[in-house]
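The values are calculated or read from the model by the stated rules, or taken from the named source; none is laboratory data. It should be emphasised that the depicted structure is a prediction, and the values quoted were computed from it without experimental measurement. All Cβ positions, even for glycine, are placed from backbone atoms using ideal geometry, and neighbour counts span all protein chains on display.
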Amino acid sequence: MAKKDDDFDLPVYDEEFPTDDEYSLQEMAGGSAPRDLSIFYAHQYVQDEEITNTQTGTECHYHLAHKNVLNMTAVGTVYHNGNKVQTFMPLTENSLGFTSYPYDGPKVVSAKVNGNLITLTWDRKIRAESSKVVVSYEYDAE
């Protein structure tokens, strides 16, 4: 049974956390919380997903594992032959901005994000599997 903490007026439980809905968020909110709490868990966060390019050329595509990537959430690092080349973050709704590391090899000159696809345009031709991105992003799980 819940009792009140006199200092903060919060419920204090003198037993283990219940496994049923006896002390639900709705009860704690005085019955005003929404019944379907799943809406609060629709967005999921992915941290440090690694994607290696599979094409040779100046334009390379990196497919994220999840669809419905939320706009302006993809951030990460671009690697070429194991070297950090650039970090990126959202610049506009569909493009990424870059900060370069000291590296003499190829660099990304532009990038687009479309759904779960990141397209990087390099300043010179690169070999398949010579680059990768490590990216964190948020997606809509519904």
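Numbers for the structure displayed
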{"quantity": "1 or more residues at negative phi and of a type in the set (D, E, K, R): qualifying strands (runs of 3 or more DSSP E) within region 37-92", "calculated": "43-52, 57-63, 83-90"}
{"quantity": "Selection within region 110-132 - assigned to a strand (DSSP E or B) and not charged (D, E, K, R)", "calculated": "S110, A111, V113, N114, L117, I118, T119, L120, T121, W122, I126, S131"}
{"quantity": "Some residue of region 81-91 being at pLDDT below 95 and of a type in the set (V, I, T)", "calculated": "no"}
{"quantity": "Residue among D48, D9 that is at pLDDT 90 or above, exposed (fewer than 14 other Cβ atoms within 10 Å of the Cβ) and charged (D, E, K, R)", "calculated": "D48"}
{"quantity": "Meets criteria (closer than 18 Å to H43 by Cβ and either at pLDDT 95 or above or touching a Pro at 6+ places or on another chain (Cβ under 9 Å) (or both)) for N71", "calculated": "yes"}
{"quantity": "Residues of region 52-86 that turn out to be without any contact (Cβ under 8 Å) to a residue 60 or more places away in the chain and over 15 Å from the mean Cα position of the chain (by Cα), as a count", "calculated": "10"}
{"quantity": "Residues (closer than 16 Å to I51 by Cα and touching a Lys or Arg at 6+ places or on another chain (Cβ under 7 Å)) located in region 81-121", "calculated": "V85, Q86, G115, N116, T119"}
